[in-house]
């Protein structure tokens, strides 16, 4: 049964819906320290196509996780940053980092 806004009943499922793929998680990771331009983000995220990165950023903007600011310059400059809601995912990313580190150290024993 879903709520009025089409969100899942389960809070874990809601979170997964918002950060459901590796690109979104990596975008969050790379925007945590601060604002980045599209090209900087494309380099830091890794092997992602421009089309996929654009789609993920738009989806995250629609979800209220990312701000997109366009400067009226030639050529146009676009910067991305996390909203307060996006920044509030930091403890989740930190927990994922810690878990990943522990997993790697246990598998290297």
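Exposure proxy check: 18, 82 ranked by fewest other beta carbons within 10 Å?
Ordered from fewest to most neighbouring Cβ atoms within 10 Å, 18, 82 come out as 18, 82.
With label points built 7 Å along Cα→Cβ from the Cα atoms of residue 90 and residue 102, find their separation and express it in nm.
My value for the distance between the label points is 2.2 nm.
Please report the equivalent ellipsoid semi-axes of region 53-109, computed as sqrt(5 x eigenvalue) of the Cα gyration tensor, largest first, in whole Å.
In descending order, the three semi-axes are 33, 14, 9 Å.
Can you tell me the FRET efficiency between residue 40 and residue 14 if r is taken as the Cβ-Cβ distance and R0 is 30 Å, rounded to the nearest 0.05? Intermediate results must be reported in sequence, preceding the final value.
Details: r = 30 Å, r/R0 = 0.99.
Efficiency computed from Cβ-Cβ geometry: 0.50.
Given 20 °C and 1.002 mPa s, how large is the Stokes-Einstein diffusion coefficient of the chain in µm²/s, with Rh as the Kirkwood radius over Cα pairs?
For these conditions, the coefficient is 140 µm²/s.
Based solely on its DSSP helices, what 222 nm [θ] is calculated for the chain when runs of n ≥ 4 H residues each add -39,500 (n - 2.57) and the sum is averaged over all residues, nearest 500 deg cm²/dmol?
Mean residue ellipticity at 222 nm (helix-derived): -16500 deg cm²/dmol.
Cα centroids of region 80-109 and region 1-58: how far apart, whole angstrom?
Cα centres, region 80-109 to region 1-58: 14 Å.
Given springs between every Cα pair under 10 Å in a Gaussian network model of the chain, which of 88, 49, 63 has the largest fluctuation?
Ranking 88, 49, 63 by mean-square fluctuation puts 49 first.
Every number here is computed from the coordinates shown, using simple stated rules; none is lab data. Because the structure is predicted, anything quoted here is derived from the model rather than measured. Don't worry about glycine lacking a Cβ; one is built from the backbone with ideal geometry, like all the others, and counts go over all protein chains shown.
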